[in-house]
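Below is one structure, written out as C-alpha coordinates; the observations come after it.
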Amino acid sequence: MSAPVITAFRQVPGFAKGLVRDVRARWAFEEVGQPYEVRLLEHPEIKTQEHRALQPFGQLPTYSDDEVELFESGAIALRIAERGEGLLPADEAGRARATQWLIAALNSVEPMIFDLIAVDVFNKDEEWAKLRRPSAVEALRTRLGDLSKALGGSEWLDGDFTVADLIMVAVLRQLRHTDLVAEHPNLAAYVARGEARPAFQKALADHMAAFAEEAVPA
Ligand SMILES: N[C@@H](CCC(=O)N[C@@H](CS)C(=O)NCC(=O)O)C(=O)O
(Lines give C-alpha, C1' and ligand atoms only; values in the text may rest on other atoms or scores of the structure.)
Protein backbone atom coordinates (compact mmCIF):
# COMPACT_ATOMS: atom_id res chain seq x y z
CA MET A 1 0.00 0.00 0.00
CA SER A 2 1.62 3.28 -1.08
CA ALA A 3 1.49 6.44 1.03
CA PRO A 4 -1.36 8.85 0.24
CA VAL A 5 -0.33 11.97 -1.67
CA ILE A 6 -1.61 15.51 -1.10
CA THR A 7 -0.88 18.74 -2.91
CA ALA A 8 0.38 21.96 -1.32
CA PHE A 9 1.80 25.25 -2.54
CA ARG A 10 5.53 25.66 -3.03
CA GLN A 11 5.17 29.30 -1.97
CA VAL A 12 2.38 31.60 -0.75
CA PRO A 13 2.09 35.23 0.40
CA GLY A 14 2.82 35.92 4.08
CA PHE A 15 -0.84 36.22 5.15
CA ALA A 16 -1.51 32.64 3.97
CA LYS A 17 1.50 30.94 5.54
CA GLY A 18 0.27 28.51 8.16
CA LEU A 19 -3.32 28.75 6.94
CA VAL A 20 -3.33 27.01 3.56
CA ARG A 21 -5.73 24.11 3.72
CA ASP A 22 -3.08 21.43 3.21
CA VAL A 23 -2.43 22.02 6.95
CA ARG A 24 -5.78 20.32 7.65
CA ALA A 25 -4.77 17.19 5.75
CA ARG A 26 -1.27 17.17 7.24
CA TRP A 27 -2.74 17.54 10.75
CA ALA A 28 -5.15 14.64 10.20
CA PHE A 29 -2.30 12.43 8.91
CA GLU A 30 -0.21 13.26 11.97
CA GLU A 31 -3.09 12.55 14.36
CA VAL A 32 -3.60 9.04 12.97
CA GLY A 33 0.12 8.39 12.39
CA GLN A 34 -0.27 7.87 8.65
CA PRO A 35 2.86 8.68 6.57
CA TYR A 36 2.08 10.75 3.48
CA GLU A 37 3.71 12.47 0.55
CA VAL A 38 3.32 16.03 -0.66
CA ARG A 39 3.41 17.22 -4.25
CA LEU A 40 4.34 20.90 -4.21
CA LEU A 41 2.74 23.07 -6.90
CA GLU A 42 3.20 26.61 -8.15
CA HIS A 43 0.00 28.67 -8.16
CA PRO A 44 -0.47 28.61 -11.99
CA GLU A 45 -0.33 24.80 -11.97
CA ILE A 46 -3.59 24.54 -10.01
CA LYS A 47 -5.42 26.21 -12.90
CA THR A 48 -4.33 23.61 -15.49
CA GLN A 49 -6.71 21.01 -16.93
CA GLU A 50 -4.51 18.30 -15.45
CA HIS A 51 -4.98 19.65 -11.93
CA ARG A 52 -8.66 20.43 -12.51
CA ALA A 53 -9.18 16.74 -13.20
CA LEU A 54 -8.39 16.32 -9.47
CA GLN A 55 -9.85 19.63 -8.23
CA PRO A 56 -12.54 21.02 -10.54
CA PHE A 57 -12.34 24.51 -9.01
CA GLY A 58 -8.62 24.90 -9.66
CA GLN A 59 -7.64 24.93 -5.97
CA LEU A 60 -5.83 22.75 -3.49
CA PRO A 61 -5.43 20.56 -1.48
CA THR A 62 -6.08 17.35 -3.37
CA TYR A 63 -5.62 13.87 -1.97
CA SER A 64 -5.08 10.45 -3.50
CA ASP A 65 -4.61 7.00 -2.04
CA ASP A 66 -4.72 3.54 -3.59
CA GLU A 67 -8.51 3.67 -3.83
CA VAL A 68 -9.70 7.22 -4.26
CA GLU A 69 -8.82 10.73 -5.40
CA LEU A 70 -10.46 13.56 -3.45
CA PHE A 71 -10.69 17.31 -3.19
CA GLU A 72 -12.23 19.46 -0.39
CA SER A 73 -10.22 19.63 2.82
CA GLY A 74 -13.20 18.38 4.88
CA ALA A 75 -13.67 15.29 2.73
CA ILE A 76 -9.93 14.67 2.81
CA ALA A 77 -9.77 14.95 6.59
CA LEU A 78 -12.76 12.61 6.91
CA ARG A 79 -11.14 10.05 4.61
CA ILE A 80 -7.94 10.15 6.66
CA ALA A 81 -9.99 9.84 9.86
CA GLU A 82 -11.96 6.89 8.50
CA ARG A 83 -8.85 5.00 7.37
CA GLY A 84 -6.97 5.65 10.61
CA GLU A 85 -7.62 5.51 14.33
CA GLY A 86 -8.34 8.21 16.85
CA LEU A 87 -10.21 10.91 14.95
CA LEU A 88 -13.72 9.44 14.98
CA PRO A 89 -15.78 7.88 17.76
CA ALA A 90 -16.32 4.13 17.63
CA ASP A 91 -20.13 4.36 17.77
CA GLU A 92 -22.28 5.22 14.77
CA ALA A 93 -24.19 8.03 16.49
CA GLY A 94 -20.94 9.62 17.63
CA ARG A 95 -19.57 9.43 14.08
CA ALA A 96 -22.73 11.10 12.76
CA ARG A 97 -22.35 13.92 15.29
CA ALA A 98 -18.67 14.36 14.39
CA THR A 99 -19.65 14.63 10.72
CA GLN A 100 -22.33 17.15 11.66
CA TRP A 101 -19.80 19.36 13.47
CA LEU A 102 -17.28 19.04 10.66
CA ILE A 103 -19.92 20.25 8.21
CA ALA A 104 -20.95 23.00 10.64
CA ALA A 105 -17.36 24.23 10.69
CA LEU A 106 -17.20 24.35 6.91
CA ASN A 107 -20.75 25.36 6.13
CA SER A 108 -21.95 27.48 9.06
CA VAL A 109 -18.76 29.09 10.38
CA GLU A 110 -16.18 29.25 7.58
CA PRO A 111 -18.35 31.17 5.05
CA MET A 112 -18.71 34.06 7.53
CA ILE A 113 -14.99 34.02 8.18
CA PHE A 114 -14.39 34.03 4.45
CA ASP A 115 -16.61 37.11 4.10
CA LEU A 116 -14.31 38.93 6.51
CA ILE A 117 -11.15 37.68 4.84
CA ALA A 118 -12.51 38.83 1.49
CA VAL A 119 -12.76 42.29 3.03
CA ASP A 120 -9.57 42.32 5.12
CA VAL A 121 -7.21 40.55 2.74
CA PHE A 122 -8.37 40.07 -0.83
CA ASN A 123 -10.12 43.42 -1.31
CA LYS A 124 -8.64 45.50 1.46
CA ASP A 125 -8.06 48.57 -0.70
CA GLU A 126 -11.56 48.62 -2.20
CA GLU A 127 -14.03 51.25 -1.03
CA TRP A 128 -16.83 48.68 -0.87
CA ALA A 129 -14.74 46.56 1.46
CA LYS A 130 -14.57 49.36 4.02
CA LEU A 131 -18.36 49.73 3.84
CA ARG A 132 -18.96 45.99 4.07
CA ARG A 133 -16.65 45.29 7.02
CA PRO A 134 -18.90 46.29 9.96
CA SER A 135 -21.78 44.05 8.87
CA ALA A 136 -19.41 41.15 8.10
CA VAL A 137 -17.90 41.51 11.59
CA GLU A 138 -21.32 41.67 13.26
CA ALA A 139 -22.62 38.56 11.50
CA LEU A 140 -19.46 36.67 12.38
CA ARG A 141 -19.52 37.92 15.97
CA THR A 142 -23.05 36.54 16.38
CA ARG A 143 -22.03 33.19 14.88
CA LEU A 144 -18.97 32.93 17.12
CA GLY A 145 -21.13 33.80 20.13
CA ASP A 146 -23.44 30.92 19.28
CA LEU A 147 -20.48 28.58 18.80
CA SER A 148 -19.03 29.70 22.12
CA LYS A 149 -22.33 28.88 23.85
CA ALA A 150 -22.50 25.48 22.17
CA LEU A 151 -18.95 24.65 23.29
CA GLY A 152 -19.57 25.95 26.81
CA GLY A 153 -17.04 24.58 29.26
CA SER A 154 -16.30 21.46 27.22
CA GLU A 155 -12.84 20.64 26.02
CA TRP A 156 -13.97 19.58 22.55
CA LEU A 157 -17.20 19.89 20.55
CA ASP A 158 -18.60 16.46 21.37
CA GLY A 159 -16.69 14.24 23.76
CA ASP A 160 -13.13 13.38 22.78
CA PHE A 161 -11.13 15.26 20.14
CA THR A 162 -12.35 14.31 16.66
CA VAL A 163 -11.79 15.31 13.05
CA ALA A 164 -14.57 17.87 13.61
CA ASP A 165 -12.45 19.69 16.19
CA LEU A 166 -9.50 19.51 13.83
CA ILE A 167 -11.50 21.24 11.10
CA MET A 168 -13.21 23.71 13.46
CA VAL A 169 -9.88 24.79 14.96
CA ALA A 170 -8.36 25.08 11.48
CA VAL A 171 -11.31 27.25 10.42
CA LEU A 172 -11.11 29.50 13.48
CA ARG A 173 -7.34 29.95 13.06
CA GLN A 174 -8.08 31.98 9.97
CA LEU A 175 -9.16 34.79 12.31
CA ARG A 176 -5.65 35.17 13.73
CA HIS A 177 -5.48 38.71 12.31
CA THR A 178 -8.44 39.78 14.52
CA ASP A 179 -9.51 39.64 18.20
CA LEU A 180 -12.83 38.02 17.35
CA VAL A 181 -11.96 34.60 18.77
CA ALA A 182 -10.33 36.20 21.85
CA GLU A 183 -13.70 37.84 22.65
CA HIS A 184 -14.76 34.37 23.81
CA PRO A 185 -12.23 32.95 26.28
CA ASN A 186 -13.58 29.41 25.87
CA LEU A 187 -13.17 29.59 22.07
CA ALA A 188 -9.68 31.06 22.39
CA ALA A 189 -8.73 28.26 24.79
CA TYR A 190 -10.27 25.71 22.41
CA VAL A 191 -8.16 26.94 19.50
CA ALA A 192 -5.07 27.04 21.72
CA ARG A 193 -5.74 23.45 22.84
CA GLY A 194 -5.97 22.32 19.25
CA GLU A 195 -2.81 24.17 18.26
CA ALA A 196 -0.94 22.72 21.24
CA ARG A 197 -1.46 19.15 20.02
CA PRO A 198 1.84 17.60 18.90
CA ALA A 199 0.21 16.46 15.65
CA PHE A 200 -0.75 20.03 14.81
CA GLN A 201 2.71 21.33 15.66
CA LYS A 202 4.33 18.74 13.39
CA ALA A 203 1.88 19.45 10.56
CA LEU A 204 2.43 23.19 10.80
CA ALA A 205 6.21 22.82 10.94
CA ASP A 206 6.20 20.62 7.82
CA HIS A 207 3.87 23.04 6.03
CA MET A 208 6.16 25.98 6.85
CA ALA A 209 9.32 24.04 5.99
CA ALA A 210 8.28 23.87 2.34
CA PHE A 211 8.35 27.69 2.17
CA ALA A 212 11.64 27.94 4.05
CA GLU A 213 13.33 25.63 1.53
CA GLU A 214 12.34 28.09 -1.16
CA ALA A 215 13.98 30.96 0.72
CA VAL A 216 17.40 29.27 0.90
CA PRO A 217 19.66 30.86 -1.71
CA ALA A 218 20.92 28.44 -4.38
N1 LIG B 1 -13.41 24.38 -0.03
C2 LIG B 1 -12.06 24.11 -0.45
C3 LIG B 1 -11.34 25.44 -0.58
C4 LIG B 1 -9.97 25.25 -1.18
C5 LIG B 1 -9.21 26.57 -1.19
O6 LIG B 1 -9.76 27.64 -0.97
N7 LIG B 1 -7.90 26.45 -1.50
C8 LIG B 1 -7.06 27.61 -1.57
C9 LIG B 1 -5.83 27.40 -0.71
S10 LIG B 1 -6.26 27.29 0.99
C11 LIG B 1 -6.56 27.79 -3.01
O12 LIG B 1 -6.29 26.83 -3.68
N13 LIG B 1 -6.43 29.05 -3.42
C14 LIG B 1 -5.90 29.41 -4.69
C15 LIG B 1 -6.93 29.84 -5.67
O16 LIG B 1 -8.14 29.74 -5.38
O17 LIG B 1 -6.52 30.28 -6.75
C18 LIG B 1 -11.36 23.19 0.56
O19 LIG B 1 -11.70 23.25 1.75
O20 LIG B 1 -10.49 22.40 0.16
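Listed values, structure above:
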quantity	calculated
Residue ID - nearest to LEU54 (Cα to Cα), chosen from residues in the range 65-88 that are out of contact with any Lys or Arg (no Cβ under 8 Å at 6 or more places or on another chain) and among the acidic types (Asp, Glu)	GLU69
Residues being in contact with a strand residue (DSSP E or B) (Cβ under 6 Å, 6 or more places away or on another chain), within 11 Å of the ligand (Cβ to nearest atom) and either more than 23 Å from ARG176 (Cβ to Cβ) or part of a helix (DSSP H, G or I) (or both) - total across the range 1-30	3
Wholly within the range 31-122, helices (runs of 4 or more DSSP H) carrying at least 2 residues that are surrounded by fewer than 17 Cβ atoms within 10 Å (Cβ to Cβ), modelled with pLDDT of 95 or more and in the same structural domain as SER148 (by TED's automatic domain parsing)	92-104, 110-117
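Here is a yes/no grid of residues against (1) assigned to a loop (DSSP other than H, G, I, E, B); (2) open to solvent by less than 20 Å² (accessible area, probe 1.4 Å); (3) of a type in the set (D, E, K, R):
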{"residue": "LEU147", "(1), (2), (3)": "no, yes, no"}
{"residue": "LEU157", "(1), (2), (3)": "yes, no, no"}
{"residue": "ASP160", "(1), (2), (3)": "yes, no, yes"}
{"residue": "ALA170", "(1), (2), (3)": "no, yes, no"}
{"residue": "ALA182", "(1), (2), (3)": "yes, no, no"}
{"residue": "GLY194", "(1), (2), (3)": "no, yes, no"}
{"residue": "PHE200", "(1), (2), (3)": "no, yes, no"}
{"residue": "MET208", "(1), (2), (3)": "no, no, no"}
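The values are calculated or read from the model by the stated rules, or taken from the named source; none is laboratory data. It should be emphasised that the depicted structure is a prediction, and the values quoted were computed from it without experimental measurement. Virtual Cβ from ideal backbone geometry, glycine too; neighbours counted across all protein chains shown. Side chains are part of the model used for accessible areas, which takes the heavy atoms of the whole protein and leaves out ligands, DNA and RNA. Shrake-Rupley method; radii C 1.70, N 1.55, O 1.52, S 1.80 Å.
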